[in-house]
Structure formats: C-alpha cells, structure tokens
Amino acid sequence: MHLEDTRRLFEQARERFGEDISLSDRPSGEGSIVVSGPRVREFTQWARSQSFDFFADIGGIDYLFESPRFDLTYTVYSTGQKRHLHYKVKLDESAPAVDSISDIYAGANWHERELLDMFGISFNGHPDPRRILMPEHWRGHPLRKDYPINGEQVQFSGNFGDVEPQTLPPAPGQDAFAGWQALETTPGSYTQLIEPAAGPDGQPDADGRMILNMGPQHPSTHGVLRLLIELDGENITRTLPDIGYLHTGIEKTAETLSFQQALTLTDRMDYLSPLGNNLAYSLSVEKLVGVEAPPRATVLRVILAELTRIQSHLVWLGTHALDMGAMSPFFYCFRERDQILDMFEMISGVRMMTSFICPGGLREDVPDEFMPALEQFMRVFPSRVGEYETLLTKNPIWLERTRGVGRLALDDALAYGVSGASLRGSGLAWDIRKAEPYCGYETYEFEIPAGTHGDVYDRYLCRIEELRQSHKIIRQAMNRLEPGPVQTNDRKMIPPPKNELDNSMESLIHHFLISTIGFTAPHGEAHVPTETGRGLLSFYIAGDGSPKPYRMRARTPSFANLQALPVMLQGGLVADAVATIGSIDIVLGDVDR
Amino acid sequence: MLFDLIASFIKAVLVFAVVMSFVPFLIWLERKLVAWMQQRIGPNRTGPFGLLQPIADAVKLIIKENIFPSGVEKITYFLAPMMSMIPALAAFAVIPFGSPVRIMGRTVNLQVADVNIGILYILALSSLAVYGAVLAGWSSNNKYSLLGGLRTSAQMISYELPIGLSVVSIVLLTGSLSLNEVVRSQASHGIWNIFPQFLGFIILLISYNAELNRAPFDLGEAESEIVAGYHTEYSGFRFAMFYMGEYVNMVTVAALVTVLFLGGWQAPFGPEIPLLWFLIKIFAFILLYMWVRATFPRVRYDQLMALGWKILVPASLANLAMTAVIIVLGGPNAVRILSVGSIVLAVLVGLVLKAAVALRTKSAPGLAPPAGAGS
C-alpha cells in the first residue's frame, strides 16, 4: 500500500479518532497509522469494518534508546481491495501493556503470545496468556535489546550432570531434574491445562476421555509439532498445539549478523522453500536500502521462486499421501523434486540452503547448463502431475479420506490469517502474487485456483492446480529471459567489480568494507509481502544505519496456518488429524523460527 | 500306525520349515517389488540381490535385548507375540498342498492333518489371532498401542463375519468341511469355485486383506496415525514374531483362498506337477496383496467398519441366499447356474456401489473456476 493510501485512510480515521492517531512514514513507502494504546481495540474494529478482513501479523520492535520504547506493528490485509494496512502502537518501558485484539481477529492470539514471550508485553484480556515459543519457565524476554546474548552451555548426554541448566527455575541443592518436576505441578502448565478432572479414585473422570500426546516425536506431525488431543473413543474433542520445539531464535540471531549473513538464516526457516524466503527477505532489504534488482535477476527470481514452490508442493503432496497410507506417490514426487534440487545444486552448489537470491539480485548468473536442465524438467513435468493425479484425485479411498474432512470456513480462515492454498481451499482466490504483485508477477498470465468447501480435498486440488500454474509461469519467464547483469550496480550494496580493484584504491577500500562489514541500511523500516508455497510470507525489517538488521521480523505462513488447526480438527477422528495436518502443509522450522 | 506317525511328523516339520523359510523370502520379495513400483532399488547389499537382507534383519532382531517397558502387564506382554504367530502357523496344518501320493504302498495325503472340520478349524484359529493384537495393545501401557489393539480387534472381529458367510457358501457347494473334499469337489464339478462363487471370492479377498491387517486396511498399525499400533512398544525378537506372524498369515490366507476357490493343487492346463501349481497360485495372491499395498491410501477406521458391515456383510448374505436357493432348485445343473448367477450378482453389487459412490461424489463439484479477489 502506498503512503498516499495510508494518508487517505488516516484522514478517514481522523474523524473518529481525532488526536489519538497520527501518521508515521514507516515502513518506508507505505507508512502507517500510529494509534494510542488505549484505543487500539477500537481502531482494530474500525479497520475490520473498513474491509481489512485478513489478519496477518503483529511485529514488535524494541527501540531501546527511544521513548516510548516498544513499537508494535499490526498488519491487516483487505482481500477485496487488494491492499494492506499497518498500524502501530507505541508502548512505554514501564509495564508495557495493551488491550488484546484476539476476540476481533482470532489469529492475533498466538501473535500476542509471541510478543508476550519475546518482549514481555502483556495483553489485557488475552484468553491464554502463556509463553509460546520459549519454555514456560524461561527467564527474560529474548527479543528485547537488553537481553544478554551470552548463551548457555548446552546439556548433552556426555555432560548432562556437569551443566547447570540456567533456564530452569532455580532449585538449589537439587538435581537437574528437580526443575522439571516442579514444572509438572506449576499451575497453567500444559499437562494441567488439558488433563481431565480426576474422579475420587484418582482415575480419569467418568467421560472416559483420554489425552493423547501426539508428538513431538510422531511420524506425521511433519517435524516437532506436539498436539495434545483429548479423545472420546477416537473422536477428537479438544486440541491444544504446543510449538517451540524447533525455536532457534532466528529473529534474534539475525540482529547480530550483517544483512548478507542474515540471508542464510532465512533459508533455514522454511527449509522447503529456501529461495522463496530469500526472495521475501531480499525484497524487504532492497526496499529498505532503496535499490532494485536488474530485469534479468527479476525474471530469474521468478523462475527460481516458482521452482521452489513446485518442489515445496511436491514434498507436501508426497508426505500428505504418505500420511494417508499411500506410499508410492511420495517416491514419484521426490523423483521430480530431485530434478529441481539438482538444478539448485547446479546454480549454487547447494541443494537446499542455496541463499542464491540475495539483496541486490542474485549471487551470480546461472551457469550455461541450467537452461537445458530446466527445459528438460519443463517438458516432463506436466505428464508427471498427471501421474500423481491418477493415483489420488479420483481414488475412492482418497476421496473418502479427504472430502468433508478438516473443514475451515472462509471467515475463520481470514480471521486466523490462514493464507496460501489453505485459504484458497476455503473458497477465496487470494494470492499476493495477484493481489499485491512483486517481481513483475502482474505481467505473467496465470490463474489462482480456489476451492469451495474448505476441506482437505479442496486444498489438495488447489495445490495440484498450483503446480500447473507455476509451470505456466516458468514457461513465460523462460521466454522473456534476456542476457544482462544479475546484480544491481548500486555500489551501496554490491562491491565494485574485480577489475576495478587493480586501478582504484577507493574501489579496493569499498570492496573491502562491503566484504567485511557489509552494506549499511538507513534508519527506517521496510516490508514487502510475498507468496511462498505455504502462503503469505513477509519480512518486516528495521534498519538503524548499521550493516546489521536492527530487527528482522518474519511473518511466516505456517505459524498462522497452524493456529487454525484446532478449529479444523474439532469433531474429527485421529486419522483425520493426520490428514488435516498434512493438508495445511506446515513446516515446523517456519512455525518456530 | 508307526508309519502314519512318522509321516505326520515329517510333514509337520517340512511344512513348518517351508512356511517359515517363506517368510524371509516374502519380506525380501515385498521390499523388492514395492521398491520397483516406487522407482527405488530395494535391498541389494546383503547377499545376491539382497536376498540375505531379511536373514540379517532377523539375526539382528533375535540378538537384541528383550525390553519390558515399565508399566507393562508382563505375562500378557510376553504371551501376545506368540499368540499372534502360533495360530497363523497352526492354521497351515489343514491346508492340502498336493494330490495324495503313494509311498511304500500307502496313500499319503499332502496335508499335515486331514481334519474333517478343516474349515471350521481355520476360522477358529484365525479368530484366536485377534488375541495377539488385543493383548499386545492392552498390556503395553501405551495409548497408541491401546488404540491399535482396539482398532485391530474391532476390525478382525467385524471381518470374520463376511469371511464366515462366504465360506459357508463354499460349504454348501461342497457339502463338506474338509478342505481336501473342497478340492476334490472342484475337480468333480469340473469348474473351480471361483466361477460359481465369484462374489464370494471378491468378498473373501477384501475381507482377508482386512483380516491380515495389510494396507489399505492396516489400521491397527497405521504408522502415520498411531506410530506402530499394538506393537509400538515391542522390540527385538518379540517384534520379529509379530512381523513373522503377519507374513505367515499371508501365506496361510493365500493357500486357503487357493484351496477354496482356485482348485487347490490342480493344474489349470497341462500335466499336474506336485506343488508347482499350488505355489504359483499362492504367489499370485501374495503378489496381488503386495501390489494393492503399493497402490492405495489407507481407509479410515469408521469407513472400514462401514465397508464391512454395510457392504460386505449384506453382499455375502445375498450370495449365501442365492447359493442356497440355486443348489436346492437347480439340481445337477446348480453349479452351472451359479456360475452365471454369481457373476450377475457381483455386477449388480458393483453397480449399486458405483451408484452410491456417484451419489456422494455429486455433492462435490470440485474446484470452482478462478474467481474472487485474485483474478
């Protein structure tokens, strides 16, 4: 959304909110409306009534030396008007608190918990104010700038007794496990939250409900997701997802690395769509610094992003079918995926964590053998999609297993911020590539499939169709690929070419600086939404004039999509849980970051 | 008398040895076949073509430590694997695998025991096999095991019904419960039971797939849902016993279907070579089950029950009724009339099923044309 749009909205809101709101020029190019803390609920309601129906994110930034210190950026999208709105709330250092909006947008629930966890901001009226990514007994709030980055010695089996786990509640004179035992009895801990009330004899109550602890080590939770499922027979009566097992502090780590180095972290978030993440990150950084990638790089980015989408969908299809007991599609999908990974290896030397798309363009141009390999893939791929469909699409067992299972109503999907094919399966053809195009997607001809029922089968059909549409986009991009540079010639970001270094001392110094310290970004914030295979991915990046991101907030699609899981599982069977988890296509690295 | 004893002993040992040595071969075959279907190579490191891989696996499992997890019910936990393997092996005792041969002037049936209630015996033993799963699931003190045990017991008990009903039709046709007699009657009818009992054959094929706990009916051990079901907590030799029991069961079922429907050891054409045709038929079934496993997704628990109770039981009842009526009314031509009637009935059942599926499909028009905010 342009600054102008924001200003217009601001003028409208002004009539109602008067002096309680003001206009901010951050993030760059878009701007935002700063709302005073007490009226944020009201403003959220107003925004929702202004057709901002899709809740995306609340990002926090800790401006340690400014006052007010905390800066919360709420991001909501209007799927109808194809635009989005940022509004900010600034909070003071002493007892930062703001009203919860989780009853207006259901999806705010987890985002608010994350802010509570990471920044220690409390949300009044939040239904479930617990930590979400860090363990419940964690001390401090990691994303605060004054949180010490000194690390803690890790307990391995060899030194388990020698290391005192600082992160557990202090238990002087007791062994390392005492803390955990204390945790078991802590009110509000997971085990207590869902444990059925015990009868007089200490046995579970007469309902005969059973708590099934699914994961974090379970074959089909697609990583280290833990679900506490309350079962009545095999019927699911309640679900409580527990995440954070793969939390690696990527957002915090990025603050200690230069922009180029932080790029490599984005590969590792959604490890099935590394190039999509690279692209989202690079676009945001480029916007912050104010450079643009050259045309060849942009076209290649589209090709690579679509290849990534295809290979991500192939992993989804294979594992989804495997979860439902169909073994063979998995191997067929991985056959094609390997072809794509071979191409990635060809261009970057790495099969998965390529970091090939970087701020300023691409790491380097693709080698000569890339295009023939791509051409060969393009030739075989459509028939291969047909092969997968033969095994599944009209298979009666597959239909029975997926149709009407894991339903998600469109309103719920929007309020929870469910994006990607999981949203489109619920009936809305909303795709950032069409709604707010980047990388010139508006010039490509492709269609956004949408389902009608919001069940597992419709999500399946949507993703299968997306495979074909991505193929179509790549074909168009191949036709418009022309020789040219693949990196911007803006010297702010890209070091001078090698041949200049022999003649020019200044170039040598410049090269040295960019290679060692990195390029600097101005004060400001930037945000570019993109669509990866999983949905809406955007990086909200704040710069402070240094070569490191002051804050890198990743709004990841899996996090939001997973949040809607309990809604989809309600009333299903255990087998449906497996089908539904597969159908929302989460990657736990993307959820926990 | 002594001769009979010695002969029985030799036959018992031979059958045991052959069936047990089938198991590693079948494991290898399944892994190899499924691998080929999935564009993989399959085991190929141990021995020629990886043939020794299952042996190596078995050795590894046997020398592993026996683990009793805390909280298990020790006696039943210990007994359960045996309960699942022994009935499978014992059931093979009544399977005739060749026409009687003459040794030292005496006729020897190629069958460990020619029990005159052979069919009943097999049904009884296959019901016993449920206990293995139930006890394992219950005694393991694990929720996944419990779910697996529950699923398996419900599934096996439900599917015994269509199995029993289909077998009763065969009994009507044969007039005897002896498996030897079933084979002989097929010879005397001049037509294998698969024709007059076509629907029964299909029902039995599906039901035994469920009874065997094999994909797409492997709910009791659905690895993506309940980890490994009732044998989640088992390791080492006890796990191997479950695993072997499964494959022995497969051989037994394949042999049983061969005897009941495909004329047992009889040659479809050409000279009768002892054992050859029997083995070929058995393997045809086993390969079919393997192929099915590589192709289909798994059905859901409630759908499995619905299939059993709402489709297979009524269909097998219809088949039984038709068989009884035609046998009574048809006189000497009963078998020929049945051959036509059975196929007609099978087609009818198929059409009804297809209509039911189409009715359900109609409510789902699939993807809407791209519309809304995106296009």
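The values are calculated or read from the model by the stated rules, or taken from the named source; none is laboratory data. Predicted model, so just to flag it, every value in this text is computed and none were measured. With ideal geometry, Cβ positions are generated from the backbone for all residues, glycine too; neighbour counts draw on all protein chains shown. Heads up: the accessible areas ignore ligands, DNA and RNA and are worked out on the full protein's heavy atoms, side chains in. Shrake-Rupley method; radii C 1.70, N 1.55, O 1.52, S 1.80 Å.
In Å², what does the accessible area per residue of the range B:213-274 work out to with a 1.4 Å probe?
Values: 1620 Å² over 62 residues.
In whole numbers, the range B:213-274 has 26 Å² accessible per residue.
Would you please put B:176-188, A:301-313 in order of how densely packed they are, using the mean number of other Cβ atoms within 10 angstrom per residue and starting with the highest?
Details: B:176-188: 20.1, A:301-313: 25.9.
Going by the mean number of other Cβ atoms within 10 Å, highest first, we get A:301-313, B:176-188.
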(request) Determine the shielding of peptide B:134-143 by partner chains: average, over its residues, the number of Cβ atoms on other chains within 10 angstrom of each Cβ. (result) 1
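Cα-Cα pairs above 53 Å in the protein assembly as shown: how many percent?
On the way: 131043 of 468028 pairs.
I get 28 percent for the Cα pairs in the protein assembly as shown exceeding 53 Å.
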(request) Could you rank the peptides B:30-42, A:540-552, A:557-569, B:102-114 by their average count of other C-beta atoms within 10 Å per residue, with the highest value first? (result) A:557-569, A:540-552, B:30-42, B:102-114
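What number comes out for the charge environment of A:Gly349, summing +1 per Lys or Arg and -1 per Asp or Glu over other residues with Cβ under 13 Å away? Walk me through the numbers before you get to the answer.
On the way: positive: A:Arg351, A:Arg363; negative: A:Asp342, A:Glu345, A:Glu364.
Neighbourhood net charge equals -1.
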(request) Enter the mean number of other protein chain beta carbons within 10 Å of the beta carbon of each residue in A:426-432, as an integer. (result) 3
(message) Once you place label points 7 Å from the Cα toward the Cβ at A:Tyr63 and B:Ser127, how far apart are they in nm?
(response) 7.9
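So what's the range A:35-159 giving for Rg/Rh, alpha carbon basis, Kirkwood Rh from the mean inverse pair distance?
1.05
Once the Cβ-Cβ distance between B:Lys310 and B:Glu73 is put in as r, and R0 is 41 Å, what FRET efficiency do you end up with, to the nearest 0.05? Intermediate results must be reported in sequence, preceding the final value.
Working: r = 35 Å, r/R0 = 0.87.
Working from the Cβ atoms, E equals 0.70.
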(message) List, by residue number, every residue in the range A:211-256 with a reduction of 20 Å² or greater in accessible area between the chain on its own and the complete protein assembly, 1.4 Å probe.
(response) A:Ile211, A:Leu212, A:His218, A:Pro219, A:Glu234
(request) Using Cα pairs closer than 8 Å and at least 6 residues apart in sequence, work out the relative contact order for chain B, in percent. (result) 21
(request) Within a 10 angstrom radius of each residue's Cβ in A:320-331, how many Cβ atoms of other chains show up on average? Whole number is fine. (result) 6
(message) What is the distance in Å between the Cα centroid of the range A:526-593 and that of the range B:170-230?
(response) 49
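Calculate the FRET efficiency for B:Ile41 and A:Val380 from the Cβ-Cβ distance with a Förster distance of 22 Å, rounded to the nearest 0.05.
Details: r = 21 Å, r/R0 = 0.96.
The value I calculate is 0.55.
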(message) Just to confirm, what accessible area per residue do you get for the range A:3-148 at 1.4 Å probe, in whole Å²?
(response) 37
(request) Let me know the whole percent of all Cα-Cα pairs from chain B that are separated by more than 26 Å. (result) 57
(message) Modelling each spin label as a point 7 Å along the Cα-to-Cβ direction, I'd like the A:Glu369/A:Asp544 distance in nm, to one decimal.
(response) 4.7
(request) Whenever you get a sec, compute what percent of the accessible area on the protein assembly as shown sits on carbon and sulfur atoms (1.4 Å probe). (result) 62
(message) Sorting check: for A:124-134, A:444-454, A:279-289, which peptide has the highest mean count of neighbouring beta carbons within 10 Å, and how do the rest follow?
(response) A:279-289, A:444-454, A:124-134
(request) Please report how far the C-alpha centroid of the range B:75-101 lies from that of the range A:379-402, rounded to the nearest whole angstrom. (result) 40
(message) Skipping prolines and chain starts, which residues have an amide H placed within reach, meaning under 5 Å, of the one on A:Ile211, given they are 5 or more residues away or on another chain?
(response) A:Leu231
(message) With a 1.4 Å probe, what is the total accessible area buried between chains A and B, in Å² rounded to the nearest 100?
(response) 3900
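Mind checking the full-extension length gain between A:Lys145 and A:Lys394? Use 0.36 nm per residue of separation minus the Cα-Cα distance, one decimal, nm.
Numbers: separation 249, 0.36 × 249 = 89.64 nm, distance 5.43 nm.
Answer, rounded to one decimal: 84.2 nm.
Could you provide, to the nearest whole Å², the per residue accessible area of the range B:76-146 with probe 1.4 Å? Please list the in-between numbers first.
Details: 3020 Å² over 71 residues.
So the range B:76-146 comes to 42 Å² accessible per residue, rounded to a whole number.
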(request) State, to one decimal in nm, how far the label point of B:Ala267 lies from the label point of A:Met505, with both points 7 Å from Cα in the Cβ direction. (result) 10.1
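Let me check I've understood the local charge: for B:Phe49, count other residues with C-beta under 12 angstrom from its C-beta, Lys and Arg +1, Asp and Glu -1. What total comes out? Working shown, then result.
On the way: positive: B:Arg31, B:Lys32, B:Arg45; negative: none.
Overall, the nearby charge balance is +3.
Once R0 is set to 45 Å, what does the formula 1/(1 + (r/R0)^6) return for the Cβ-Cβ distance between A:Asn213 and A:Lys492, expressed as a FRET efficiency to the nearest 0.05?
On the way: r = 52 Å, r/R0 = 1.15.
In this case the efficiency is close to 0.30.
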(request) With a cut-off of 13 Å, note down the residues of the range A:64-92 whose backbone N falls inside the zone around a label point 7 Å from the Cα of A:Glu442 toward its beta carbon. (result) A:82-83
(message) Within 13 Å, Cβ to Cβ, of B:Lys143, how many net charges do the neighbouring residues add up to if Lys/Arg are +1 and Asp/Glu are -1?
(response) -2
(request) In whole angstrom, note down how far apart the Cα centers of the range A:434-486 and the range B:1-61 are. (result) 51
